[in-house]
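Structure record follows, encoded as structure tokens.
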Amino acid sequence: MTNAGRRLSLAVLISGGGSNLQALIDAIDGDRLDAEIVVVISNNADAFGLQRARKAGLATEILDHRGFDARERYDAELTEILASYDPDLILLAGFMRILGAAIVRRFEGRMLNIHPSLLPRFRGLDTHRRAIEAGEKQHGCTVHYVTATLDGGPPIMQGSVDVLETDTPDDLAKRVLAVEHRIYPAAVAMIAEGRLQYRDEQVLLDGRLLQSPVIDSVR
Ligand code: GRF
């Protein structure tokens, strides 16, 4: 619990399928995460994730980046929308927009991302193909705090899968996605339980500096 017993409030930002959003909804419904999603925001009006949100009865907002001539203006509008919902945490869940320094700074320590690689390996896009091409034996995903460095903020939790010789990028993406669906709600639950704190680009777990991310216990 945070804020004097109030449930942790979440804003979830999506661009596409929203399967990570669904995993968060399911974790809340299944009492594995004591939180409440106060808004789902998409930069893409056609995102399937918006349908998932509506089905779950959640508030939705669409902020299409194509109407903006500069990233800063988009970010400023997004900041206003976010501030109007005043969430405890902002979760980037397949949100395919790079956020500028100002919005990241505004919400620093309150914004998380899930990235489909074992950071610091493979920041950026196309991670599954790059992992296969690099001959990685293990690949996975990372939940991390968002800082001004793209995919570079302090990691909270990681989960991994073996890379099989026969894997295509799509095969690998599917198995990694299943792990994402476990670790994102689990990482947010640690915050909801008051176990995790962000201080000056570092993470404290149960009051101690987290030197390396918590590893998904299913493996
Ligand atoms: C996930 O792999 C996430 O890590 C990446 O984009 C994908 C989004 O999937 N950033 P979904 O929209 O949650 O289904």
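Taking other Cβ within 10 Å of each residue's Cβ, how do Ile14, Ile103 sort, fewest first? Numbers along the way, then the final one.
Values: Ile14 27, Ile103 20.
Ascending number of Cβ neighbours within 10 Å: Ile103, Ile14.
At 27 Å minimum axial length over the Cα atoms and a Kyte-Doolittle cut of 0.0, report the qualifying DSSP H helices in the chain, or say none.
Details: long enough: 169-192 (33 Å, 0.45).
Flagged H segments are 169-192.
So, R0 is 35 Å and r is the distance between the beta-carbons of Gln138 and Asp69; what FRET efficiency does that work out to, to 0.05?
Working: r = 42 Å, r/R0 = 1.21.
Calculated value: 0.25.
Once amide H atoms are built 1.01 Å from N in the peptide plane, which residues 5 or more positions from Ile156, or in another chain, come under 5 Å H to H?
Those qualifying (amide H under 5 Å, at least 5 residues apart or on another chain) are Val143, His144, Tyr145.
Quote the relative contact order of region 13-92 in percent (integer), defining contacts as alpha-carbon pairs under 8 Å separated by 6+ residues.
Numbers: 86 pairs, mean separation 25.2, N = 80.
Across region 13-92, relative contact order equals 32 percent.
Summing Lys, Arg as +1 and Asp, Glu as -1, what charge do residues with Cβ under 13 Å from the Cβ of Gly49 carry, Gly49 excluded? Before the final figure, lay out each step's value.
Details: positive: Arg52, Arg54, Lys55; negative: Asp46, Glu61.
In short, +1.
May I ask what percent, to the nearest 5, of DSSP beta bridges between residues of the chain are antiparallel?
Details: 18 of 37 bridges.
Of those bridges, close to 50 percent are antiparallel.
Can you check what the net charge comes to around Tyr198, using other residues whose Cβ is under 11 Å from the Cβ of Tyr198 (Lys, Arg +1; Asp, Glu -1)?
Values: positive: Arg110, Arg199; negative: Glu108, Asp200, Glu201.
Value of the local net charge: -1.
Which length gain, in nm to one decimal place, applies between Ala178 and Ala76 when the Cα-Cα distance is subtracted from 0.36 nm times their residue separation? Walk me through the intermediate numbers first.
On the way: separation 102, 0.36 × 102 = 36.72 nm, distance 3.34 nm.
That works out to 33.4 nm of additional length.
Hey, can you grab everything whose amide H is under 5 Å from the amide H of Ile41? Only 5+ residues off in sequence or another chain; H modelled, so Pro and N-termini drop out.
Here Val12, Leu13, Ile14, Glu61 satisfy the definition.
Tell me the relative contact order for region 93-184 as a rounded percent, counting alpha carbon contacts under 8 Å between residues six or more apart.
It rounds to 29 percent for region 93-184.
For the pair Ala102/Arg208, report the inter-label distance in nm, with labels modelled 7 Å from Cα in the Cβ direction.
For the pair Ala102/Arg208, the computed spacing is 4.2 nm.
Could you give the length gained by full extension between Gln51 and Asp31, i.e. 0.36 nm per residue of separation minus their alpha carbon distance, to one decimal place?
Numbers: separation 20, 0.36 × 20 = 7.20 nm, distance 2.23 nm.
So the chain would gain 5.0 nm between Gln51 and Asp31.
We did not get these values from a lab; they are worked out from the coordinates using the rules stated. Quick caveat: nothing in here was measured; it's all calculated off a predicted structure. We place every Cβ from the backbone using ideal geometry, glycine too, and count neighbours over all the protein chains shown.
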